[in-house]
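Visitor: The structure's right below; bear with me while I get my questions together.
The values are calculated or read from the model by the stated rules, or taken from the named source; none is laboratory data. Fair warning: this is a prediction, and the values are worked out from it, not measured in the lab. Here the Cβ positions follow ideal geometry from the backbone for every residue, glycine too, while neighbour counts run over all protein chains shown. Only protein heavy atoms, including side chains, enter the accessible area calculation; ligands, DNA and RNA are left aside. Shrake-Rupley method; radii C 1.70, N 1.55, O 1.52, S 1.80 Å.
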Amino acid sequence: MSWWKHGVVYQIYPRSFHDASGDGTGDLAGICEKLDYLAWLGIDAIWLSPVFPSPMRDFGYDVQNYVDIDPLFGTLEDFDRLVAEAHRRDIRVVLDLVMNHTSDLHPWFQDSRHRRNGRDDWYMWSDGIRGPLGRRRPPNNWRAAFGGPAWTWDPERGQYYLHLFLPEQPDLNWRHPAVEHAMFRQAEFWLDRGADGFRLDVINYIVKDAALRSNPYRLHRTFPRRHDQQNHLRDRNQPETHDILKRFRSLLDRYGATMAVGEIYPNEGVMEPAVSATYLGNGTDELHLAFDFSLLARPFSAVRYRRALETWYQAIPGSGWPCHVLSNHDKSRAMTRVCRGSIGRARILAAMLLLQRGTPFLYYGEEIGMQDSRLRRTELQDPLGRKYWPLFPGRDPARTPMQWNGRTNAGFCLPGTRPWLPVHESAARGCSVEAQRDDPESLLAWYRFLIQLRKTRPELTRGDLEFLPSHRDVLAWTRRVGGSSSIIILNFSETMRPSPHEGPDLRGLEVRITHG
Ligand code: GLC
């Protein structure tokens, strides 16, 4: 069975994991120093949010050069060392590839804006249209995901350009074959250096309607995109994307045991597992894995999670493989969002995530119960938070430094250094690796136990899954392969509930795992 099917993937936000260089920002050498911890935890792969040179307007998701490491994070030699050290511990390294857009400082965009080097059409340019009073305006009504129109006038070229995110993140024109060729070469650069795969940023955005037609109107209630009352029919999920992904899959397959997981950005908060599943193609010819964010959007509820999981499983093609995620760098942490600080709830979620059928994605710090931070306006770094504060603090609260111990700066950086975001005060109150590592009752010990259990019980990775009929507060399922089986029963309620299987009633927030 491939590593990306049986393994656990751990997402690292490199700015926040560990600072080895002493500047208050995490780096590759810092990650390298913590590989023993990750091996001890038992994870199989790390996914690094972007580490490439970037002006950091969107903290690395605005790439200025795809084939180098930003000095903030280190050098190419540091990367090589990280790959070698990770592989030595049987840990794969997955990079974050942003194919939809580049930074406006990328030489490709500079060339395109100045119509140089044959790159005139590498981005999405338009003259726009004339309004009733003869005033020029963008060619359609598309809105950027971070607010405002998706088109910005470029006086240098005398045309509008498209950006589905910040104006500093112009969208590439994937209908131009040279763009695909160039981007695929960037991917090969990292595969040749030993990377084991990619997380593909907003991969369902890359191709746009050829005629640039406007999106139809649709009422949404989710914040912060309440301004965005449209159904993104024309600027997302275009059918040509699948052809591109098939070609990308062939490229990856040439390298053997690689993996691509796609971020399928939902249509303004409306989860569409069936859409995510289409990016798996026939199960073997497009992405290996695709994110469905339904679990992230649900409250702490057995029935709601069960419905989300069933819908997700039903959507996956026969030979396709699911994956599951509860937290990432764009969302409030599950420990805050749905567990409200309760370790009991966190234990339930850990068991749900790690014992379902499919590849679990863990977000750094989830295993010790890290929570969102309350940050002051002056502490915010994320452009989204700066724009919408105080209504929405942006994504910084879930990106604070990893808590290694309870001392000053939590072992993330030296005590005399100022970390790029403040360390959460819970580090001093037991929410750290050091405090939990040797405590068998800790959340960290629980995560480690579940991860080890996956490795020793074949049914927990390879087995079929069947939900058991149960009380609405109870989520119960069996995993079975060959003669080996497990029954997992989770009581989401704080009070006693009947067990759906033999045995006494379940205590509040109980996790019961029995093996057959
Ligand atoms: C993805 C990333 C997010 C980023 C956006 C634009 O959604 O996860 O962090 O801001 O793409 O690149």
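Visitor: Search the stretch 85-113 for residues being out of contact with any helix residue (DSSP H, G or I) (no Cβ under 9 Å at 6 or more places or on another chain) and open to solvent by 60 Å² or more (accessible area, probe 1.4 Å), and hand back the single one that is farthest from D201 (Cα to Cα).
Guide: Taking the candidates together, the pick is H87.
Visitor: Ok, one more. Which residue pairs have Cβ atoms under 6 Å apart, sit 6 or more places apart or on different chains, and have a first residue in the stretch 200-218 that is assigned to a loop (DSSP other than H, G, I, E, B) and a second that is within 12 Å of the ligand (Cβ to nearest atom) and open to solvent by less than 10 Å² (accessible area, probe 1.4 Å)?
Guide: D201/V98; D201/E263; V202/N100; V202/E263; I206/M99; I206/N100
Visitor: Could you list, in sequence order, all residues of the stretch 114-133 that are open to solvent by less than 40 Å² (accessible area, probe 1.4 Å) and more than 21 Å from A210 (Cβ to Cβ)?
Guide: G131 - this is the single residue of the stretch 114-133 that is open to solvent by less than 40 Å² (accessible area, probe 1.4 Å) and more than 21 Å from A210 (Cβ to Cβ).
Visitor: Looking only at the stretch 44-81, how many residues end up being of a type in the set (G, A, S) and at positive phi?
Guide: So the answer is 2.
Visitor: Select, from H163, H176, the only residue that is under 31 Å from the mean Cα position of the chain (by Cα) and more than 16 Å from the ligand (Cβ to nearest atom).
Guide: After ruling out the rest, the residue left standing is H176.
Visitor: Same structure, new question: Within the stretch 15-36, work out how many residues are open to solvent by less than 10 Å² (accessible area, probe 1.4 Å) and within 30 Å of R357 (Cβ to Cβ).
Guide: The number of residues fulfilling the criteria is 3.
Visitor: Tell me which helices (runs of 4 or more DSSP H) are completely within the stretch 422-516 and hold 3 or more residues being open to solvent by 20 Å² or more (accessible area, probe 1.4 Å), or say none if there are none.
Guide: The helices (runs of 4 or more DSSP H) meeting that bar are 433-437, 443-456.
Visitor: Just to be sure before I move on: is S332 in contact with a strand residue (DSSP E or B) (Cβ under 6 Å, 6 or more places away or on another chain), within 16 Å of the ligand (Cβ to nearest atom) and either open to solvent by 10 Å² or more (accessible area, probe 1.4 Å) or hydroxyl-bearing (S, T, Y) (or both) in the structure I sent?
Guide: Considered against the rule, which asks whether it is in contact with a strand residue (DSSP E or B) (Cβ under 6 Å, 6 or more places away or on another chain), within 16 Å of the ligand (Cβ to nearest atom) and either open to solvent by 10 Å² or more (accessible area, probe 1.4 Å) or hydroxyl-bearing (S, T, Y) (or both), S332 comes out as no.
Visitor: When you scan the stretch 481-505, how many residues do you find that are under 16 Å from M352 (Cα atoms) and not hydrophobic (A, V, I, L, M, F, W, C)?
Guide: Going through the stretch 481-505 one residue at a time, the tally reaches 3.
Visitor: Only one of L468, L444 is in contact (Cβ under 8 Å) with a residue 12 or more places away in the chain and not assigned by TED's automatic domain parsing to the domain that holds Q314. Can you tell me which? Walk me through it before giving the result.
Guide: Working: L444 fails: not assigned by TED's automatic domain parsing to the domain that holds Q314.
Going through L468, L444 in turn, the sole match is L468.
Visitor: Okay, next question. Going by the structure shown, is F300 modelled with pLDDT of 95 or more and more than 16 Å from the ligand (Cβ to nearest atom)?
Guide: Yes.
Visitor: I would also like to ask the following. Within the stretch 398-416, track down each residue that is open to solvent by less than 30 Å² (accessible area, probe 1.4 Å), part of a loop (DSSP other than H, G, I, E, B) and either in contact (Cβ under 8 Å) with a residue 40 or more places away in the chain or not assigned by TED's automatic domain parsing to the domain that holds T378 (or both). Outline the logic, then answer.
Guide: So the first thing to find is which residues in the stretch 398-416 are open to solvent by less than 30 Å² (accessible area, probe 1.4 Å), and the list is 398-405, 409-413.
Imposing the further condition that a residue be part of a loop (DSSP other than H, G, I, E, B) reduces the set to 399-405, 412-413.
The answer is R399, T400, P401, M402, W404, F412, C413.
Visitor: Then there's this: Testing F291 on (1) touching a Ser or Thr at 6+ places or on another chain (Cβ under 8 Å); (2) over 19 Å from P360 (Cα atoms); (3) within 15 Å of the ligand (Cβ to nearest atom); (4) modelled with pLDDT of 95 or more, one condition comes back false. Which one is that?
Guide: Evaluating F291 over (1) touching a Ser or Thr at 6+ places or on another chain (Cβ under 8 Å); (2) over 19 Å from P360 (Cα atoms); (3) within 15 Å of the ligand (Cβ to nearest atom); (4) modelled with pLDDT of 95 or more leaves (2) as the failure.
Visitor: Pick from W151, W142: which is open to solvent by less than 20 Å² (accessible area, probe 1.4 Å), more than 16 Å from the ligand (Cβ to nearest atom), at negative phi and touching a Leu at 6+ places or on another chain (Cβ under 8 Å)?
Guide: After applying the criteria, what remains is W151.
Visitor: How many residues are of a type outside the set (V, I, T), part of a loop (DSSP other than H, G, I, E, B) and under 28 Å from S442 (Cβ atoms) if we restrict to the stretch 296-350?
Guide: 16
Visitor: Tally time: how many residues in the stretch 122-156 are part of a loop (DSSP other than H, G, I, E, B) and out of contact with any Gly (no Cβ under 7 Å at 6 or more places or on another chain)?
Guide: Number of matching residues: 20.
Visitor: Related question: Suppose we filter the stretch 38-55 for residues that are over 19 Å from L97 (Cα atoms), open to solvent by less than 10 Å² (accessible area, probe 1.4 Å) and not in a loop (DSSP other than H, G, I, E, B); how many remain?
Guide: Total satisfying the criteria: 2.
Visitor: Kindly check whether there is at least one residue in the stretch 57-72 that is more than 16 Å from the ligand (Cβ to nearest atom), crowded, with 22+ Cβ neighbours inside 10 Å and assigned to a loop (DSSP other than H, G, I, E, B).
Guide: No, that holds for no residue.
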